[in-house]
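Written below as structure tokens is the structure these notes are about.
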There are 4 protein chains.
Amino acid sequence: MTDDEDASTPYGRHRQTTVYTTGMLTGNVPDIPVDPDRLAEHAEEELDGRAYDYVAGGAGGESTMRANRRAFEDYRIVPRVMRDTGTRDLSTTVLGQEFAVPVLLAPIGAQGIIHEDGDIASARAAARWDVPYVCSTQASEPLEDVAEALGDTPKWFQLYASEDRDLTRSLVERAEDAGYDAIVVTLDTPHLGWRERDLDRGFLPFLDGDGIANYTSDPVFRDRLDQPPEENPRAAAQEFVQVFSDATLIWGDLGWIAELTDLPVVAKGILHPEDARAALDHGAEGVVVSNHGGRQVDNAVAALDQLPRIVEAVDEDATVVFDSGIRRGADAVVALALGADAVSLGRPWVYGLGLAGEDGVASVCENFLADLDLTVALAGYDAVDDIDESALRTS
Amino acid sequence: MTDDEDASTPYGRHRQTTVYTTGMLTGNVPDIPVDPDRLAEHAEEELDGRAYDYVAGGAGGESTMRANRRAFEDYRIVPRVMRDTGTRDLSTTVLGQEFAVPVLLAPIGAQGIIHEDGDIASARAAARWDVPYVCSTQASEPLEDVAEALGDTPKWFQLYASEDRDLTRSLVERAEDAGYDAIVVTLDTPHLGWRERDLDRGFLPFLDGDGIANYTSDPVFRDRLDQPPEENPRAAAQEFVQVFSDATLIWGDLGWIAELTDLPVVAKGILHPEDARAALDHGAEGVVVSNHGGRQVDNAVAALDQLPRIVEAVDEDATVVFDSGIRRGADAVVALALGADAVSLGRPWVYGLGLAGEDGVASVCENFLADLDLTVALAGYDAVDDIDESALRTS
Amino acid sequence: MTDDEDASTPYGRHRQTTVYTTGMLTGNVPDIPVDPDRLAEHAEEELDGRAYDYVAGGAGGESTMRANRRAFEDYRIVPRVMRDTGTRDLSTTVLGQEFAVPVLLAPIGAQGIIHEDGDIASARAAARWDVPYVCSTQASEPLEDVAEALGDTPKWFQLYASEDRDLTRSLVERAEDAGYDAIVVTLDTPHLGWRERDLDRGFLPFLDGDGIANYTSDPVFRDRLDQPPEENPRAAAQEFVQVFSDATLIWGDLGWIAELTDLPVVAKGILHPEDARAALDHGAEGVVVSNHGGRQVDNAVAALDQLPRIVEAVDEDATVVFDSGIRRGADAVVALALGADAVSLGRPWVYGLGLAGEDGVASVCENFLADLDLTVALAGYDAVDDIDESALRTS
Amino acid sequence: MTDDEDASTPYGRHRQTTVYTTGMLTGNVPDIPVDPDRLAEHAEEELDGRAYDYVAGGAGGESTMRANRRAFEDYRIVPRVMRDTGTRDLSTTVLGQEFAVPVLLAPIGAQGIIHEDGDIASARAAARWDVPYVCSTQASEPLEDVAEALGDTPKWFQLYASEDRDLTRSLVERAEDAGYDAIVVTLDTPHLGWRERDLDRGFLPFLDGDGIANYTSDPVFRDRLDQPPEENPRAAAQEFVQVFSDATLIWGDLGWIAELTDLPVVAKGILHPEDARAALDHGAEGVVVSNHGGRQVDNAVAALDQLPRIVEAVDEDATVVFDSGIRRGADAVVALALGADAVSLGRPWVYGLGLAGEDGVASVCENFLADLDLTVALAGYDAVDDIDESALRTS
């Protein structure tokens, strides 16, 4: 059963029968598990342990990761009936740009340790389903190549502001030149978090040379090295570790970054309403409410629990993206109901990448969107923009 | 030890000694586990994995299923003593009809994947214990045959309103002709939920031809097909998937259905007080508070948590049936105390069907009723109609 | 290391060093685990499955059993320091009688299925440590023999009021004659609870002839039989099942029982403040707050959660014993702090009986008392009568 | 990658890259797990069962231990961004003394059962990282030797006040002579707690002669013995058990101890605000909020839940140290935010001692400090003294 008339926009008027019959008609078990928990288990079985743990792990005892997931239990959907959900509109406007779906693929560094095709595979999969993609500064491939793989799909560039301001400027200018639509400045990583899984494995992907393509391809970074990275990759990796972040940043520095570019700037890693307001006061047009998927501070507050406070604290026209803990369509509905404009999906699609490259990411995207589409409809909405807190009962 | 004088009404003045001695006197372990959790485990071991998972599974991560069960923990019975519970009256009046017990067997489609005798076995077991039965539109046998198997036992017909209004009308008229006592319109399934277990197995029972007997036996449905379903069952199954529901329904359409029949109409799948009132305003005489056993929307509110709000929102004479999470007698007592007129039991009897056909369903009914009877008495009541919120301590 | 001067009262001025060194000096692992959880596991491994499950099980899904234990988590001891706990007084006055310790061994029927010495072993162990003992109507040995084994230790007789009032009167008179100090009337068992473990094993100990010694030794009961029980034990057992309880009792009947005897009467199985007041209004001098260890009503309120409400509802001079969930000294301290005059210990000592007969029960008593003594002291008290709600922080 | 300029103060301006690269550059799995949970599991596998359980266990059912850990879930860090955390100051002032870090190694007795080097190894490791160390009265080596191993590192002596006041005086004077900076009087152990693990193993380390070095080296204690401990170690051990504590102490006795010395006195084992005030009124300059790691009273309140109440109850200049449940940097941040001046770390470093002696303790210290340093920074602070309750969201 095909759905030819929708080939250009594979969801939107997405019918769940299409999704079902894909697997049903063959009677085959899908290659990539639909269930995100089984997907993670499958990835754990199949991937190299160091790569899996680098993706799956969090800071310290991973209390923040657990809190992120548990928080969803407290905000429960109250489905409504008889509301005509024959067609649904999943599109929304984020930073003035039309998104076909209220979902971004979160910036993930060092994808090369997961699959040899890295970001290129992920970007192509995102483009297949027109899901906006956030390219990490620590991408496995240069941001220009990732942009090309994305085609017309909305694309944001995630920036780690370097100690070397010339390098920061160079990265921003390259992103602008490559056609990115926004700069997402990650503020929650002045230092890399205390990741016990990685420490107990003695593993940091960058030291193996992955996730530094945007650096080794950058003229400013290359100028810092005594030898070209091709000749001395270890020295390049160590230089990266030294300069990738600037732990001395203060709010004024966000203004400096905003002035480097005409692109809209979004501040990622916001958990406190005052920080959200500060970001907007210093040139950001939006924030990503996130605790970095629990990877930075152990025993931190669940990102979801801070979302309504931040939504309340900022102007209505400021963009709020929610990140940290999204696994299924219902999670997205909850975050949208609490005031997010869009959600950011992380680990699941990386597992898809690890298991089957581009096809794996595409499969995770397809399943997430179909689940979201159905959940929106079954919650009683025909447009994601209509979802508000009345969709929920909070405990 | 027999209880001959009660042969015509096997419970009612049910003595627990009767129940006990059934197994006690033989010293045998019962074929069908009394414990519903062990029953489910046993079913998981014995049944085909696809069939078991189709019954056992829920939407998405099954958070709603867990919430349904957990909700009972918050409403705890405060047993009263010295109240003369020598005889108990489990009967009640629902939609003006006398029910011997405040329990219905919930509508379950595609029972043929569970046991070859399907609905006929279940209906006969229901009739043995005089437990009202709700026949699904997606029954494995035509509704007329199910009605015959039920005899004088109260019978309701569950309706999925089709995109094809003539088909809807035909199903309602057939139910009325076959002697059903009420039409239960399911409102929470404009689309089939995102069931990860089924998706990961590539399984949908209808595509294998089960659960569409009411369609293939319907003249309106047959007219839609190029070939009789006997000749091309696959095409019939796919036509079913296309037309079984109408996602564009609005409240006015419920009025249209109510006008098709003189039977009372009940709206199933209500979770919001406003939807309960809307249903009653559009021709329904009652509602089934239900989240479809957690099969439609993940992270949805526990049905039990919405029950008191809905009871409060509707007129006292409106019928309120509770569905979603009932496993034991104490669960029924809690729901009755929160204002339900009757409860609807689902998965456990389906497992009984899978393990031992009609006898299995009968055994689950017997155990549930004996447990209910005892729990009512030990909570301090001699009539289910007397149970109200004073029976509970809420946390 | 001995503690000879305390031989006549083995606790009271109990020093924890005595307890420790018993095992320490030998370096041996004790035969009976000190840890009640390991004790239960050990019993599960060693005992006949039917006997273990009869003791360990509860009503329905055992939600009440879990709630009983979980409730203790909400009332946490706030230990106080520098209060001189060099000697402790564990004694208290219950029903005007001096108890050496604020603990009773709960009435347990059918002990013969656990150990061939049954109640006699348990009573002797209780006497060793001067722990008050409650003899069950369903004792494995006649109440007169149990009384003899108890010697001067406080002894209460637990009564199931029979449908046959002459039998009830006979049991009460026998208890009075045998020297019991009080009659504990169990009100929460007009019917036996729905015990799924037993049902799934097809087991009821009484039908195997255990737990009916007080009946087969009773002239009124024997008169009901066509043949002496020695000749037709099965018929005796079945007659027992028919008459052991009277489900038609109302509060006035408690007054009738109270008038049968000069002994104080205590009403067991009280969970509602109104029922506590009713019991006292109808001749009881005290109540046992209890849900029968979770064996009667599933999803019932935790007994501990009702304790403060009942203490508040009754006169200060009414006796309140707490039962259901006590496993360790800290549990007893919590119940005493919430207003109980004494606590009733059940399953643990029955496991001790099963593992090692009299010595096993004695070992459980010794450990429980030593733990209680230490916990009282370390909570900052030198007398159990001083413990009140200020010992706790409630959540 | 080395960090030579910081060799004399290995943390302070601690860069996480240093920590990371230690393991990263070699690619080796560290000998001592970084993850404290894995560390404990590893210790359980490697150590003698009796020694492991002595360290790992708690009182009764260990409900207090679980509550200690669970309490941290209720106080969640809300990380702040853009605050310049390029350098961090972990130092603080405790009892007027400069601490390089707000962490003490808790007093642990009988370390000799864990590792043959006992306290000497631990003290040397503490000195390596300049972490203040609290020497237990029940140290495995004489307090003078421990002081020598500590060098200039801040050192406190933990005192169990003996029944023999001359012995108490002798211990205090020896500590003062040996250069200790404070006396920590443990108030929560008038009796040893009811430790089921030890009881079920028949084990008490002191009876095997470990943990009594401060006694056998003390002239007052030796005078109590008929034979020198070298000749009759068993008698010495039993004498220790008799006199190590004084269960009759009252608050006035704390004043007596305070007058024995010019050193500041800290009262350890405080859980109630009134006891905190009483300690300060009787000569203490500070308190250690602690439930002895859950080793004394089962079902006791989580120490963390009492911390804010105690901080509120005492004068601002009183020292408050938090103990019981600290495992990671985030735990320390939470306790500091709730008003503690420093935290006390216990079991983890003892596991390190068991696995690798001095190097093991040093490794645990290094990891804890690096984690703390990072968590402080990532929470948005550049100095631990700035952390207050605004760092948290409480549930």
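The values are calculated or read from the model by the stated rules, or taken from the named source; none is laboratory data. Keep in mind that what you see is a predicted model, and the values were worked out from it rather than measured. Methodologically, a virtual Cβ is constructed for each residue, glycine included, from the backbone with ideal geometry; neighbour enumeration extends over all protein chains shown. All accessible areas refer to the heavy atoms of the entire protein, side chains included, with ligands and DNA or RNA removed. Shrake-Rupley method; radii C 1.70, N 1.55, O 1.52, S 1.80 Å.
Mind giving me the nanometre distance, one decimal, between the label points for residue A:148 and residue D:224, set 7 Å out from Cα along Cα→Cβ?
Each label point lies 7 Å from its Cα, and together they span 8.4 nm.
Can you name the chain D residue with its Cβ nearest the rotation axis from D to C, and give the distance in Å as a whole number?
D:395, 8
Could you tell me the accessible area of residue B:75 in Å² (1.4 Å probe, neighbours in place), rounded to the nearest ten?
Solvent-accessible area, nearest 10 Å²: 30 Å².
Enumerate the amide H contacts of residue A:268 below 5 Å, restricted to partners 5 or more residues apart or on another chain; note that Pro and chain-start residues carry no placed amide H.
A:185, A:186, A:187, A:288
I'd like the Karplus ³J(HN,Hα) series for segment D:146-159: coefficients 6.51, -1.76, 1.60, θ = phi - 60°, whole numbers in Hz, and an x wherever there's a Gly or Pro.
Taking θ as phi minus 60°, the curve returns 5, 4, 5, 5, 7, x, 8, 5, x, 9, 10, 10, 8, 10 Hz for segment D:146-159.
Between residue B:274 and residue B:176, take the C-beta separation as r, use R0 = 25 Å, and let me know the FRET efficiency to the nearest 0.05.
Details: r = 30 Å, r/R0 = 1.19.
So the FRET efficiency works out to roughly 0.25.
From the Cα gyration tensor of the protein assembly as shown, with a ≥ b ≥ c the square roots of its eigenvalues, which class applies: rounded if a/c is under 1.5, or else prolate if a/b is larger than b/c, or else oblate?
Numbers: a/c = 2.22, a/b = 1.00, b/c = 2.22.
Here the protein assembly as shown falls in the oblate category.
Based on the alpha-carbon gyration tensor of segment B:63-173 and its eigenvalue square roots a ≥ b ≥ c, which shape applies: rounded if a/c is under 1.5, prolate if not and a/b is larger than b/c, or oblate?
It comes out prolate by the Cα gyration axes.
Distances in nm, one decimal, shortest first, from residue C:96 to the same residue in every other copy, taking the label point 7 angstrom along Cα→Cβ.
Spacings between copies for this position, smallest first, are 6.4, 6.4, 9.1 nm.
Based on DSSP, what percent of beta bridges with both residues in the protein assembly as shown are antiparallel, to the nearest 5?
On the way: 32 of 144 bridges.
For the protein assembly as shown, the DSSP antiparallel bridge percentage is about 20.
What list of ³J(HN,Hα) values in whole Hz, one per residue of segment B:266-282 in order, does the Karplus curve 6.51 cos²θ - 1.76 cosθ + 1.60 (θ = phi - 60°) give from phi, with Gly and Pro shown as x?
In residue order, the calculated couplings are 10, 9, 9, x, 8, 10, 10, x, 5, 5, 4, 5, 4, 4, 5, 6, 10 Hz.
For the protein assembly as shown, which whole percent of the accessible surface, found with a 1.4 angstrom probe, sits on carbon and sulfur atoms? Please list the in-between numbers first.
Values: 20880 of 52130 Å².
Percent of accessible area from carbon and sulfur atoms in the protein assembly as shown: 40.
If you build a Gaussian network model of chain C, linking Cα atoms that sit under 10 Å apart, which residue out of C:154, C:233, C:348 swings the most?
Ranking C:154, C:233, C:348 by mean-square fluctuation puts C:233 first.
With angles folded into 0 to 90 degrees, how steeply does helix D:118-128 sit against the dominant principal axis of chain D? Use alpha carbons for both and round to 10.
30 degrees
Give the relative contact order (percent, whole number) for chain C; include only Cα pairs under 8 Å separated by 6+ residues. Please list the in-between numbers first.
Numbers: 806 pairs, mean separation 101.5, N = 395.
Relative contact order comes out at 26 percent.
Using a label point 7 angstrom from Cα along Cα-to-C-beta, what distances in nm, from shortest up, separate residue D:395 from the other copies?
So the label point of residue D:395 gives 0.9, 0.9, 1.3 nm to the other copies.
If you build a Gaussian network model of chain A, linking Cα atoms that sit under 10 Å apart, which residue out of A:319, A:153, A:93 swings the most?
Fluctuation is largest for A:93.
What does the average come to when, for each residue of peptide D:235-247, you count the partner chain Cβ atoms lying within 10 Å of its Cβ?
Working: counts 0, 0, 1, 5, 0, 0, 6, 3, 0, 1, 0, 2, 11.
The mean count of partner-chain Cβ atoms within 10 Å per residue comes to 2.
For residue C:94, which sequence-distant residues (separation of 5 or more, or a different chain) have an amide H within less than 5 Å of its own amide H, given hydrogens modelled in the peptide plane?
Here the answer is C:99, since their amide H atoms fall under 5 Å of that of residue C:94.
Modelling each spin label as a point 7 Å along the Cα-to-Cβ direction, I'd like the residue C:31/residue B:37 distance in nm, to one decimal.
Here the answer is 3.4 nm between the modelled labels.
Report, as an integer, the average count of C-beta atoms from other chains found within 10 Å of each Cβ along C:300-306.
4
Does segment C:229-357 come out rounded, prolate or oblate, given a ≥ b ≥ c as the square roots of the eigenvalues of its C-alpha gyration tensor, rounded meaning a/c under 1.5 and, failing that, prolate meaning a/b above b/c? Walk me through the numbers on the way to the answer.
Values: a/c = 2.00, a/b = 1.21, b/c = 1.66.
Verdict is oblate for segment C:229-357.
Starting at the first residue of segment D:36-52, write each ³J(HN,Hα) from the Karplus equation 6.51 cos²θ - 1.76 cosθ + 1.60 with θ = phi - 60°, in whole Hz, x for Gly and Pro.
x, 6, 5, 4, 5, 4, 4, 4, 4, 6, 8, 7, 4, x, 5, 5, 4
Within segment C:285-323, whose backbone N sits under 15 Å from a point 7 Å along Cα→Cβ of residue C:93?
Zone members listed by number: C:316-320.
About the Cα centre, and with charges only on the beta carbon of Lys, Arg (+1) and Asp, Glu (-1), how big is the dipole of segment D:253-395? Nearest 20 debye, please. Display every interim value, and only then the final one.
Numbers: 8 positive and 26 negative charges, 146 e Å.
Using only the charged Cβ atoms, the result is roughly 700 debye.
For segment B:240-395, what is the relative contact order in percent, using Cα pairs closer than 8 Å and at least 6 residues apart in sequence? Walk me through the intermediate numbers first.
Details: 224 pairs, mean separation 25.6, N = 156.
Relative CO of segment B:240-395 lands at 16 percent.
Would you please give the residues with an amide H less than 5 Å from that of residue B:103, counting only those at least 5 places away or on a separate chain, with H modeled from the backbone geometry?
B:343
Just to confirm my numbers, what's the Cα centroid distance between segment A:40-107 and segment A:224-268 in Å?
Centre-to-centre (Cα) distance: 28 Å.
When only DSSP loop residues count, what chymotrypsin sites (Phe, Trp or Tyr not before Pro) in segment A:221-297 have their Cβ near at most 15 other Cβ atoms within 10 Å? Mind dumping the intermediate values first?
Numbers: sites: A:221, A:240, A:244, A:251, A:256; in loops: A:244.
Of the chymotrypsin sites (Phe, Trp or Tyr not before Pro), not one in the loops of segment A:221-297 has a Cβ with at most 15 other Cβ atoms within 10 Å.
I need the calculated FRET efficiency for the pair residue D:235 and residue C:317, taking r as the beta carbon distance and R₀ as 60 Å, to the nearest 0.05. Please report the intermediate quantities before stating the final value.
Working: r = 52 Å, r/R0 = 0.87.
E(calc), rounded to 0.05, equals 0.70.
For chain D, with a Gaussian network of springs between Cα atoms less than 10 Å apart, report the residue from D:131, D:361, D:220 with the top mean-square fluctuation.
Judging by the Gaussian network model, the answer is D:220.
Mind listing the label-point distances from residue C:262 to the same position on all other copies, shortest first, one decimal in nm, points 7 Å along Cα→Cβ?
Here the equivalent label points are 7.6, 7.6, 10.7 nm apart from this one.
About the Cα centre, and with charges only on the beta carbon of Lys, Arg (+1) and Asp, Glu (-1), how big is the dipole of the protein assembly as shown? Nearest 20 debye, please. Don't skip to the end; give the middle numbers.
Details: 124 positive and 296 negative charges, 69 e Å.
Here the size comes out at about 340 debye.
For peptide C:264-273, compute the average count of partner chain beta-carbon atoms within 10 Å of each residue's beta-carbon.
On the way: counts 0, 0, 0, 2, 1, 4, 4, 8, 7, 1.
Average neighbour count from other chains, rounded to a whole number: 3.
Taking segment B:175-235, which GluC sites (Glu not before Pro) meet the DSSP loop condition and have no more than 15 other C-beta atoms within 10 Å? Working shown, then result.
Numbers: sites: B:176, B:196, B:230, B:231; in loops: B:230, B:231.
Counting only loop positions with at most 15 other Cβ atoms within 10 Å, the GluC sites (Glu not before Pro) in segment B:175-235 are B:230, B:231.
Please report the buried accessible area for the interface of C with B, total over both chains, probe 1.4 Å, in Å² to the nearest 100.
On the way: alone 17110 and 17130 Å², together 30170 Å².
Between C and B, the summed buried area is about 4100 Å².
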